[in-house]
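The values are calculated or read from the model by the stated rules, or taken from the named source; none is laboratory data. Given the structure is predicted, the values throughout are model-derived calculations rather than measurements. Here the Cβ is made from the backbone with ideal geometry for all residues, glycine too, and neighbour counts use every protein chain on show.
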Amino acid sequence: MMESYSDAFHTKRHMNEALKEAYDDMCVAHQPGPKLRDRLRRLGYYWPKMIPDAIAYAKRCHACQIHGDFIYQAPGHLHPMASSWAFEM
């Protein structure tokens with residue numbers, strides 16, 4: 001059942017249920033932070049620390065940890081490249 005904006009979330013259980021509904025839904029992409037907050041608001045949920053709770057919930061998502069982008073590369077030395085032609089005309 002959806003809670004209205006006037007209803008306060010008093011327990012962590014209620015917050016986790018709302019986050020699970022908004023984040024783990026089958027038809028929704030796992031999107032953390034402000035996008036998750038916007039989805040929660042569209043569903044009718046609100047509590048004062050919604051963004052930090054949404055970010056923390058997304059960081060704990062096992063599927064996102066496994067299938068997330070691997071953009072980090074180990075630091076290494078740069079290698080100079082020889083150009084095949086001169087850049088000056």
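Among the residues of the stretch 20-44, those that are closer than 24 Å to D69 by Cα, part of a helix (DSSP H, G or I) and touching a helix residue (DSSP H, G or I) at 6+ places or on another chain (Cβ under 9 Å) comprise K20, E21, A22, Y23, P34, K35, L36, R37, R39. For the stretch 3-30, filtered to residues that are hydroxyl-bearing (S, T, Y) and under 14 Å from M50 (Cα atoms), the residue that is modelled with the highest pLDDT is Y23. Of all residues in the stretch 45-64, those that are outside any helix (DSSP H, G or I) have Cβ atoms under 9 Å from Cβ atoms of residues that are charged (D, E, K, R) and modelled with pLDDT under 85, 6 or more apart or on another chain, in Y45/E3; Y45/D7; Y45/E21; Y46/E3; Y46/D7; C61/D24. Looking only at the stretch 75-87, decide whether some residue is over 12 Å from the mean Cα position of the chain (by Cα), in a helix (DSSP H, G or I) and at pLDDT 75 or above. No, the stretch 75-87 has no match at all.
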